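A.B. asks: Have a look at this one before I ask anything.
Please treat every number below as a calculation from the coordinates, not as lab data. Keep in mind the model is a prediction, meaning the values are calculated, not measured. Every residue, glycine among them, receives a Cβ derived from its backbone with ideal geometry; neighbour counts consider all protein chains shown.
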Amino acid sequence: MSAGDDADGRDGNGHDDEVRGVRRIPGPRAAADDFDLDAVPPPAPGVDPPQGTAPEPEAEEPGPAAPEPSLPAPRQSPVLPHRVLKSLLGAWALAACSADETEAVEAHLTECAACADEALRLRDAVGLLHTDGSLDLDPMLRSRVLDACLSRRPATIPVPDWAAPYDAETARLDALLRDIRDSEWHAPVRLKWFERERAVNRKTTVAGVIGHLMTVDGLVSTALGLDDPLGGGAAAGVGRRGPGDPAPGVAALPISPAARTEAYWSAARRPPTRAVREPWREQSHALIRTVSFAGRGVAGLSVSYGDFALPLQDSLLDRAFECWVHGGDIADAVDYPYEAPSAAHLHRMIDLAARLLPAALAGRRRAGLAAPARHLVTAGSPGRSLHLEIEGSGGGNWYIALDSPAALGSPDHTVAQVALDGVEFCQLVAGHVSPVEAAAGQEGDREAIRDVLFAAASLSRL
């Protein structure tokens, strides 16, 4: 501050600092309720008003009265052509329109029936996008869609009823394989089955399991005159032959499922990858097409498994069973939900296993693994039976002949009863459950019960 300045911030000429471009920093403003504004005297002329007070306004000459403010005119909705309003329906369904556009679209929907229907469909579609349910497809969706289609227009060449379980299970497994990632094809899978009195297992991968299913299905293909995957070279994923390698001959190929699987795994130059899915898928489709066009007589065609043979209709049911079981093995390895077959298909699989039990029991007797028959079967006396009661999905009652594979089980000569859940019984037949732990309820001859349960487990194989 210069010597000519007053203490109150004015210069000798009475000009404020503010006029000279230097602004004074005001003091802190007092709160409005700290004092009575009416009690504060007006400032003296030439003196700044105290902080927190307002200067007394100067009296003004009365002038003409200001006009009354008029209310704003109501906002008009934009007038849009029909084609523009129709193009906005998608954005309107997603609540992405502006306020003006929303008002215009909703006004238009009250007048245009076609756009109103389209808007309703779009709103329903948006509701599906915000569902809280699982987005995983129902494993039985394919079967329901096919049933609905066939109910309206039957297929010209329908799939035989006895081949339907194989068709359904290969389709379900194919849906699982379509969903998994490339890396999961190399996830470890442990295949389990029973040999004689003990459980055994073999470690492979997801791709290895599909190769196993493909090579065993090849037995059915060969019986129908189709190509055998073990003789298909690179097309079957086995590996390309070198210049000096002998050409594989169908006659030299192994027949038993285990030997065929080992041949496939050992012939591959590299571990199987997801490339095996396509030949397996094409093979299953070829089997369904062939049996569909072949007519009724093909159902009894014999399919050899080396140590035993099955009619074609039972062989495809056996392949459907193994496809489901190994599909479950793959699903466990990649943490994928996998349901049991439909009740009708599961019932057929249980029935096949029940029909095979007397022969399996006789085989164990010949090997010294089961008690000898206690009753001589004659024409007038069918021998003893075990009542197999399967509960739950696909359940029913079967009577297993205990003394001869040629005899028919009869409820009149029942010496024991075993009760199991349907899926649990199938797991026992697959070798995934111990015979000692399988039965939920047992009554009667303990020796007969043990022999039948172990015979059921002996039906499993690689």
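A.B. asks: Quick one: net charge around Arg348, please, counting Lys, Arg +1 and Asp, Glu -1 for every other residue with C-beta under 12 Å from its C-beta.
C.D. replies: Numbers: positive: Arg355; negative: Asp161, Glu169, Asp314, Asp318, Asp351.
In short, -4.
A.B. asks: Counting other Cβ atoms within 10 Å of each Cβ, which trypsin sites (Lys or Arg not before Pro) in segment 260-310 have at most 12 and sit in a DSSP loop?
C.D. replies: Arg269
A.B. asks: Among DSSP beta bridges whose residues both lie in segment 344-458, state the antiparallel percentage, nearest 5. Please list the in-between numbers first.
C.D. replies: Working: 10 of 17 bridges.
Antiparallel: roughly 60 percent of the beta bridges in segment 344-458.
A.B. asks: Using label points projected 7 Å from each Cα along Cα→Cβ, tell me how many nm separate Glu339 and Ala367, to one decimal.
C.D. replies: 3.7
A.B. asks: When only DSSP loop residues count, what chymotrypsin sites (Phe, Trp or Tyr not before Pro) in segment 288-363 have their Cβ near at most 15 other Cβ atoms within 10 Å?
C.D. replies: Values: sites: Phe293, Tyr305, Phe308, Phe321, Trp324, Tyr338; in loops: Tyr305, Phe308, Tyr338.
In loop regions of segment 288-363 (DSSP not H, G, I, E or B), the sparsely surrounded chymotrypsin sites (Phe, Trp or Tyr not before Pro) are Phe308.
A.B. asks: What's the extension gain from Arg142 to Arg83 if we count 0.36 nm per residue and subtract their Cα-Cα distance? Don't jump to the answer; show the numbers that get you there.
C.D. replies: Values: separation 59, 0.36 × 59 = 21.24 nm, distance 3.92 nm.
Roughly 17.3 nm would be gained on extension.
A.B. asks: Tell me, what is the percent relative contact order of segment 328-446, built from C-alpha pairs under 8 Å that lie six or more residues apart?
C.D. replies: Values: 190 pairs, mean separation 26.8, N = 119.
The value is 23 percent.
A.B. asks: Could you tell me which GluC sites (Glu not before Pro) in segment 139-227 are loop residues by DSSP with no more than 11 other beta carbons within 10 angstrom of their beta carbon? List each step's numbers first, then the result.
C.D. replies: Details: sites: Glu169, Glu184, Glu195, Glu197; in loops: Glu197.
In loop regions of segment 139-227 (DSSP not H, G, I, E or B), the sparsely surrounded GluC sites (Glu not before Pro) are Glu197.
A.B. asks: If you don't mind, there's one more thing I want to ask. Which shape class applies to segment 82-129: rounded if a/c is under 1.5, otherwise prolate when a/b exceeds b/c and oblate if not, where a ≥ b ≥ c are the square roots of the Cα gyration tensor eigenvalues?
C.D. replies: On the way: a/c = 2.01, a/b = 1.23, b/c = 1.63.
Verdict is oblate for segment 82-129.
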